[in-house]
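Here is the structure we will look at, set down as structure tokens.
The values are calculated or read from the model by the stated rules, or taken from the named source; none is laboratory data. Keep in mind that what you see is a predicted model, and the values were worked out from it rather than measured. Here the Cβ positions follow ideal geometry from the backbone for every residue, glycine too, while neighbour counts run over all protein chains shown. Surface accessibility is based on the protein's heavy atoms, side chains included, excluding ligands, DNA and RNA. Shrake-Rupley method; radii C 1.70, N 1.55, O 1.52, S 1.80 Å.
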Amino acid sequence: MTTSMSKLSTEVDPDLTAMMEAVFADHRRAHSRSAAVTRDADLWQALDELGLVRLTAPETEGGSGAGWAESAELLAAAVRNGVRIPLAEHDLLACWLLRSAGLPVDAAPRTVCVLDDAATARDVPWAVGADRIVVVWRSGTQHLVADADPAALTINPGANAIGEPRDTVVADIDTLSGTPIGEHLLARLWLKSALVRSIQVCAALDAILQSSIEHVTSRHQFGRPLSKFQAIQNLIADIASEAALARAATEAALSAAIASDWTAAELDFLVAVARSCTGHAASVVVRNAHQVHGAIGTTLEHRLHEFTRSALTWRSEFGSVRHWDDAVTEMAVRAGSARLWHLITG
């Protein structure tokens, strides 16, 4: 079985990985494509019963006590099976922030948003339908966080290009009771959110590569498999190399985050590199894959579009490709010739 986080998969219990794959595969077989996109209460309950909804929460608090390596496998399994559900937003972002602030957490589906000066947050993932929304806002010289009831907020529904909820949340901060959090937690929330999307894009790129290989080896033209044509081989090679580059950059950032508990000095740079690499890789992989698949790859019946559209959508969330390119450039210039190599190698 292929995995998007192949390097880190050696650190994850194979039985756990197989169980993750099975639960999403079963859900996919039992539901239509459209049903797979929408948050499913039965699936959420099943994942909760398996300990996957709060995978990284400490066992003393009702979680599974796992880490980001396991979470990367969980996210990749969901992507491979076309199941879109706010596991990352709930466990890795919202619940983590609540625990960091010393606030209680349960399995009720959550998401998180950061309000601007107008008390508004845009493109909030999965706000519609969430049981709770973790809201962050500035108050004077500090930031506050609250585990808010959605009924106390104004939520205007929206969606990204693949139909996932990306909503606008407006709050009356005078009615919220907030707990102070440090600036470092807000910065870490941004990095974690960005790396989540990089993990998901890598999983989509690997799925595209697998689909492309299967297509060119099974389809024949002029009496021989498509894989025998040099032009096709070049397209596949470019897909494989770009997907591998994106995965390597993402694994480097994830490994540093895990090893340092998200405190590594070079982590900002590594996440920026991961996002830049995955963003540019998505362009090449999507273009080549659709050339390889031909007309069938554009149909609703073929699954290719699930992964190509997802990769292009996710790469633009929590910072555009241009944003992350600029971040890499700025940090490299700031490091200068004396510190650049250390910045790259850690």
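Among the candidates 167, 172, single out the residue that is under 30 Å from residue 42 (Cα atoms) and in contact (Cβ under 8 Å) with a residue 40 or more places away in the chain. Give the steps one after another, and end with the answer.
Working: 172 fails: under 30 Å from residue 42 (Cα atoms).
When all the criteria are applied, what remains is 167.
Here's a check for you: in region 103-131, which residue that is β-branched (Val, Ile, Thr) and touching a Ser or Thr at 6+ places or on another chain (Cβ under 9 Å) is surrounded by the most Cβ atoms within 10 Å (Cβ to Cβ)?
Ranking the qualifying residues of region 103-131, first place goes to 112.
With the requirement that a residue be assigned to a helix (DSSP H, G or I), open to solvent by 50 Å² or more (accessible area, probe 1.4 Å) and modelled with pLDDT of 95 or more, what does region 292-324 give you? Before you say what the answer is, go through the steps one by one.
Of all residues in region 292-324, those assigned to a helix (DSSP H, G or I) come to 292-298, 304-314, 321-324.
Within this subset, residues satisfying the condition of being open to solvent by 50 Å² or more (accessible area, probe 1.4 Å) are 295-296, 298, 309, 312, 322-323.
Listed by number, the residues that qualify are 309, 312, 322, 323.
Scan region 156-168 and give yes if some residue there is out of contact with any Lys or Arg (no Cβ under 6 Å at 6 or more places or on another chain), open to solvent by 60 Å² or more (accessible area, probe 1.4 Å) and of a type in the set (D, E, K, R), otherwise no.
No: zero hits.
Give the number of residues within region 179-224 that are open to solvent by 30 Å² or more (accessible area, probe 1.4 Å) and over 20 Å from the mean Cα position of the chain (by Cα).
Counting residues in region 179-224 that are open to solvent by 30 Å² or more (accessible area, probe 1.4 Å) and over 20 Å from the mean Cα position of the chain (by Cα) gives 14.
Here is a list: 289, 327. Which entry is surrounded by 14 or more Cβ atoms within 10 Å (Cβ to Cβ) and closer than 30 Å to residue 232 by Cβ?
289
Do the conditions hold for residue 281, that is, is it among the aliphatic types (A, V, I, L, M), crowded, with 24+ Cβ neighbours inside 10 Å and under 16 Å from the mean Cα position of the chain (by Cα)? Walk me through it before giving the result.
On the way: among the aliphatic types (A, V, I, L, M): yes; crowded, with 24+ Cβ neighbours inside 10 Å: yes; under 16 Å from the mean Cα position of the chain (by Cα): yes.
Criteria met by residue 281.
Could you please let me know if residue 195 is closer than 30 Å to residue 89 by Cα and among the hydrophobic types (A, V, I, L, M, F, W, C)?
yes
Would you tally the residues in region 234-254 being touching a helix residue (DSSP H, G or I) at 6+ places or on another chain (Cβ under 7 Å) and open to solvent by 30 Å² or more (accessible area, probe 1.4 Å)?
Looking only at that region, the number is 7.
Considering 259, 252, 240, which residue is in a helix (DSSP H, G or I), under 18 Å from the mean Cα position of the chain (by Cα) and without any contact (Cβ under 8 Å) to a residue 60 or more places away in the chain?
Testing whether each residue is in a helix (DSSP H, G or I), under 18 Å from the mean Cα position of the chain (by Cα) and without any contact (Cβ under 8 Å) to a residue 60 or more places away in the chain leaves just 252.
Quick check on my filter: what residues within region 76-96 are open to solvent by less than 20 Å² (accessible area, probe 1.4 Å), more than 20 Å from residue 129 (Cα to Cα) and either assigned to a helix (DSSP H, G or I) or in contact with a Gly (Cβ under 8 Å, 6 or more places away or on another chain) (or both)?
Listed by number, the residues that qualify are 76, 77, 79.
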